[in-house]
Amino acid sequence: MFPVVPERALLELARTEGGPDTLNLLVRDQDTRRLLLLRAVLDAAEAAGPSVCTAAQKARLREDWALLTEADRLPAADARFANPARARLFHPLTGPWARSCLRGLDAAPGPADGERARRLRRDLAHFSAIAAVVAAGAGIPFRTRLTARAGVLALPSLGALHTARSGDVPVDVTCTEGRLVLRQAAAPDVTVHLESGVGAWSGALAWTPAHALPGLTRTAPPLPLDDLDPYRELPDGPGHGNLRTPLALDDAERKRWLQAWSGTALALRSGGAQRLAEAGALLRCLVPLETPPDVGTGRGSCSATRREAFGGLLSSTPPDAVTLAATLVHELQHAKLAALSDLVTLHRAGPAARYFAPWRADPRPYDGLLQGTYSHLAMAAFYQRRALVGGLPDRDWAWAQHARYRAQVGAALPALVGSPDLTVRGRRFVDEMAATHERMAEHPAPRGHVARAQAYVASARALWAQRHASALPPSNG
């Protein structure tokens, strides 16, 4: 069922690149996995006992799926945009929703505890909102009842209704001719007019429209800037540090995003045409995050990706276009490598955190070291390409960034290459990463930047060794 990754594609990706065929292979596979995940949700609901998923909830799921199926058979109203059913199901934040549903549905039989039952009830109700949005985008007239969550009815890609009452509130929805009428008790009706692609407008103060950035290129559709979806929050756990707070944008923040975005395509292209192409092929939405206080000022920012939300990128408000472009380069490598790892077993290393990574204070597991080294290799290439472009005002800064990233990669590669846990294809992959790192020496950074970068890595290694000497494996120096 899943495609075989050709050797050419494996080596392209090892160089942190990827032509159209290679990127399309990753995208198609991730989309297939999303459909299988959704099928798993429906199957788990059908198999669940009545104490977990009631007969009424199962019947509603079937109705919603039938509405999605009807919409999927219709051609897109606007040729610039994908089939509305597939586009919504493949939207990155549908992945976290589906995973949350499975966690609730896969619970052990028996009486459900209050919190789990409430979460599952809200998860299943959200599927009804997804189906309604898809049907509206396909031009299917319908009447349905949806449920607002904690006083907010989120209609993904359209916007959100703030209900007159708090809590979980029923909202009756009627859709005709590109217009939604939202009706709740003891409040005026809200009429919402759909726009092409992303967003819907209304004169009612209770409605907050979804926002999108202009297409990255002239032919690309708008890119959702999603600060409304209830599944945009990062899960708790050490993997994402303190990056768990999504940001609801005000006008000032939205303008800052738009200002940075307007120069991002040019900044990406300056780091190589490949960087612009991969952003166009892989990026499906941006999720704004609050900036943690320890990020600092100037060009500081924070960002993340989620494996279950392929195509989504979470980021604090970027200070400028180059920072946003670099964020895209960095995070999209994580998305590429995660997608490749679903298709190819690169290593069989365990989860023990024992490896030195110059960009982290804590020991890393092998897979975490591979992910970090891969993204840093792409950053070294991105800044080297920028530094080689004549006339850029920040050329010296780009050289400094390149030297630092390259030195960090050089310190991590021995552990990757020397691991006995690599598979045959995994060894080809990391060997090509090492060769790519070596080829960068053909255009070296100024000596001063190289010396400072090497001193930085040496200092990081010495400090790490003081704290974690017993965990340092022989292959990691």
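The values are calculated or read from the model by the stated rules, or taken from the named source; none is laboratory data. In this text, all values refer to a predicted model and were calculated from it rather than measured experimentally. Note: ideal-geometry Cβ built from the backbone for every residue, glycine included; neighbour counts use all protein chains shown. Side chains are part of the model used for accessible areas, which takes the heavy atoms of the whole protein and leaves out ligands, DNA and RNA. Shrake-Rupley method; radii C 1.70, N 1.55, O 1.52, S 1.80 Å.
Here are the numbers:
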quantity	calculated
Matching option when the condition is open to solvent by less than 50 Å² (accessible area, probe 1.4 Å), farther than 30 Å from Gly448 by Cβ and of a type in the set (Gly, Ala, Ser), among Gly418, Gly410	Gly418
Per-region count, the range 328-368, residues among the small types (Gly, Ala, Ser) and part of a loop (DSSP other than H, G, I, E, B)	6
Candidates Arg404, Arg427, Arg395, Arg439 - the one that is within 27 Å of the chain's Cα centre (by Cα) and open to solvent by 70 Å² or more (accessible area, probe 1.4 Å)	Arg404
Spans of helices (runs of 4 or more DSSP H) in the range 2-94 with at least 1 residues within 30 Å of Arg439 (Cα to Cα)	7-14, 20-47
Number of positions in the range 178-196 that are more than 33 Å from the chain's Cα centre (by Cα) and either farther than 13 Å from Leu153 by Cα or of a type in the set (S, T, N, Q) (or both)	6
Residue match in the range 443-459 (condition: among the hydroxyl-bearing types (Ser, Thr, Tyr), surrounded by 14 or more Cβ atoms within 10 Å (Cβ to Cβ) and either without any contact (Cβ under 8 Å) to a residue 40 or more places away in the chain or in contact with a Phe, Trp or Tyr (Cβ under 9 Å, 6 or more places away or on another chain) (or both))	no
First in the range 389-400 and farther than 15 Å from Ala325 by Cβ, second anywhere and outside any helix (DSSP H, G or I) and open to solvent by 30 Å² or more (accessible area, probe 1.4 Å), Cβ under 6 Å, 6 or more apart	Trp399/Pro446
Ser315, sole failed condition from (1) among the small types (Gly, Ala, Ser); (2) more than 14 Å from the chain's Cα centre (by Cα); (3) under 30 Å from Leu11 (Cβ atoms)	(2)
Selected residue (only one of Ala220, Ala185, Ala200 is closer than 21 Å to Thr147 by Cβ, surrounded by fewer than 19 Cβ atoms within 10 Å (Cβ to Cβ), modelled with pLDDT under 95 and out of contact with any Phe, Trp or Tyr (no Cβ under 6 Å at 6 or more places or on another chain))	Ala185
Of all residues in the range 122-144 being surrounded by fewer than 22 Cβ atoms within 10 Å (Cβ to Cβ) and out of contact with any helix residue (DSSP H, G or I) (no Cβ under 8 Å at 6 or more places or on another chain), the one that is modelled with the lowest pLDDT	Gly139
Residue ID - modelled with the highest pLDDT, chosen from residues in the range 460-477 that are among the small types (Gly, Ala, Ser) and surrounded by 13 or more Cβ atoms within 10 Å (Cβ to Cβ)	Ala460
Breaking point among (1) open to solvent by less than 20 Å² (accessible area, probe 1.4 Å); (2) out of contact with any Lys or Arg (no Cβ under 6 Å at 6 or more places or on another chain); (3) in a helix (DSSP H, G or I); (4) of a type in the set (A, V, I, L, M), for Leu268	(2)
Tabulated pairs, the range 318-333, first touching a residue at least 40 places away in the same chain (Cβ under 8 Å) and under 18 Å from Pro393 (Cβ atoms), second surrounded by fewer than 20 Cβ atoms within 10 Å (Cβ to Cβ) and of a type in the set (A, V, I, L, M, F, W, C), C-beta under 6 angstrom, 6+ apart or interchain	none
Scan of the range 152-182 for residues that are open to solvent by 40 Å² or more (accessible area, probe 1.4 Å) and not β-branched (Val, Ile, Thr), ordered by number	His162, Ala164, Arg165, Ser166, Asp168, Pro170, Asp172, Glu177, Arg179
